[in-house]
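*Asks:* Handing you a structure now.
The values are calculated or read from the model by the stated rules, or taken from the named source; none is laboratory data. Just so it is clear, the model here is predicted, and its values are computed rather than measured. For neighbour counting, all protein chains shown are included, and Cβ atoms are generated from backbone atoms with ideal geometry for every residue, glycine included. Calculation scope for accessible area: heavy atoms of the full protein, side chains included, ligands and nucleic acids excluded. Shrake-Rupley method; radii C 1.70, N 1.55, O 1.52, S 1.80 Å.
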Amino acid sequence: MSDLLKRRFREQIKIMFGWEPVKPETISERAKEVHVLKRMTNKQDLQAAKAHQRAHQETSNKWRNRRWATLIFANLLFTLSFALDIQILEGALTASRFVGFHLIDLNSALQVMLAHKHIINNLLIGTGTVLVLWVLLGGRTFCSWVCPYHLLAEWAEKIHLFLAKKKLVTDQTMDRRLRTVFWIVFALLALLTGYTVYEAISPTGIVSRALIYGPGLAMLWVLALLFFEVFFSRRAWCRYACPIGLTYGVVGIISPVRIKYKLDGCFHEGDCRKVCLVPHVLDTVIKGRAVEPEVPIGPDCTRCGLCVDTCPTGSLSFEIKGLQKLL
Ligand code: SF4
Ligand code: SF4
């Protein structure tokens, strides 16, 4: 990895904690050449090529469909294991047992240990398994491929976008540093009160338990969140509040699974940023921003694949670091 990419990656970590992306001061000679070549290309050629490629790709929902199927399957496995008592995946997303292996959500384990003020050995084993799993699979991959609230929020987002198009609602953006503040507040609350306060309001846990044991009153809180996201602020919980997203983002820093951006074919029209839950990770697609001809996308990316499905030129793709690019 070049020094410029290393510097960019460090900046991406700061961006995950709430800093805003800025235009890079330096870009590599190779990237400069590509930027210049692209400026020389006839604009009409670009438009024609774009229309052509778009016609081919407009209907692609390949990654979205794979993701939805995985998410529904994972959550259904909890429900069926409980309903049919087949003991494949017992418990809920917060803490579970998969064919005998203990799995404990990293954020929940942290909250429990802070509340109890000591390291609980049994928790560490289950947490270790989950940590290795999500390091390998991509950190926030948990969000878009497993979290049941993500799917509900994705559907709510569609309603929000429809209403926004009709000019009936506008997206009220907030300061992204809020999420880091929430993370600290919930950690302190666990430490000071001895209760895992966050678990009581986590829509991830509430929806997961509702799917397994049936909905309770706590679902009203989830509905209120979805209402807020539809009418006031697009994807507000995941963007500005959820400590789980930040915890898994940190895990994703060392993950080999990531999205890669290739500068040369990109039209910079920004369709990818429009569909992305965390568009700040895609600042590199803005004209003149790519520091190298190929740039890995930062750890706050949920690896949802929406940008890959949307990009008309194939400039964004999944890859496993060190291996060939994925499909
Ligand atoms: S940010 Fe939180 S609620 Fe949103 S998808 Fe990730 S874990 Fe689920
Ligand atoms: S960069 Fe792409 S894969 Fe990552 S969260 Fe945004 S749309 Fe999803």
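*Asks:* When only residues in region 301-321 that are not charged (D, E, K, R) and not in a loop (DSSP other than H, G, I, E, B) count, which is surrounded by the fewest Cβ atoms within 10 Å (Cβ to Cβ)? Spell out the reasoning first.
*Replies:* Initially, region 301-321 is screened for residues not charged (D, E, K, R), giving 301-302, 304-308, 310-318, 320.
Right, trim to not in a loop (DSSP other than H, G, I, E, B) and you get 306-308, 310, 316-318, 320.
On the way: L306: 21, C307: 26, V308: 22, T310: 21, L316: 22, S317: 16, F318: 16, I320: 14.
The selected residue is I320.
*Asks:* Also, I was wondering about something else. Would you be able to say whether some residue in region 137-149 is buried (at least 22 other Cβ atoms within 10 Å of the Cβ), at pLDDT below 95 and assigned to a loop (DSSP other than H, G, I, E, B)?
*Replies:* Within region 137-149 (the criterion being buried (at least 22 other Cβ atoms within 10 Å of the Cβ), at pLDDT below 95 and assigned to a loop (DSSP other than H, G, I, E, B)), the answer is yes, since at least one residue qualifies.
*Asks:* Please go through region 269-290 and give me each residue that is surrounded by 23 or more Cβ atoms within 10 Å (Cβ to Cβ) and more than 28 Å from W68 (Cβ to Cβ), ordered by number.
*Replies:* Correct list: A290 only.
*Asks:* Still on this model: What do you reckon, is G298 open to solvent by less than 30 Å² (accessible area, probe 1.4 Å) and assigned to a loop (DSSP other than H, G, I, E, B)?
*Replies:* Details: open to solvent by less than 30 Å² (accessible area, probe 1.4 Å): yes; assigned to a loop (DSSP other than H, G, I, E, B): yes.
So G298 fits the description; yes.
*Asks:* Still on this model: As an exercise: evaluate C266 against (1) open to solvent by 10 Å² or more (accessible area, probe 1.4 Å); (2) modelled with pLDDT of 95 or more and give the number of the one condition it does not meet.
*Replies:* Here C266 clears every test but (2).
*Asks:* Tell me the strands (runs of 3 or more DSSP E) entirely within region 32-107 that contain at least 1 residues that are modelled with pLDDT of 90 or more, farther than 27 Å from V132 by Cα and open to solvent by 60 Å² or more (accessible area, probe 1.4 Å).
*Replies:* Details: elements: 89-92, 95-98, 101-104.
Qualifying strands (runs of 3 or more DSSP E): none found.
*Asks:* Look through A164, A115, A69 and report the one residue that is in contact with a Ser or Thr (Cβ under 9 Å, 6 or more places away or on another chain), closer than 30 Å to V308 by Cβ and away from ligand 1 (no atom under 16 Å from the Cβ). Give the derivation first.
*Replies:* Values: A115 fails: closer than 30 Å to V308 by Cβ; A69 fails: in contact with a Ser or Thr (Cβ under 9 Å, 6 or more places away or on another chain).
None of the others qualify; the one that does is A164.
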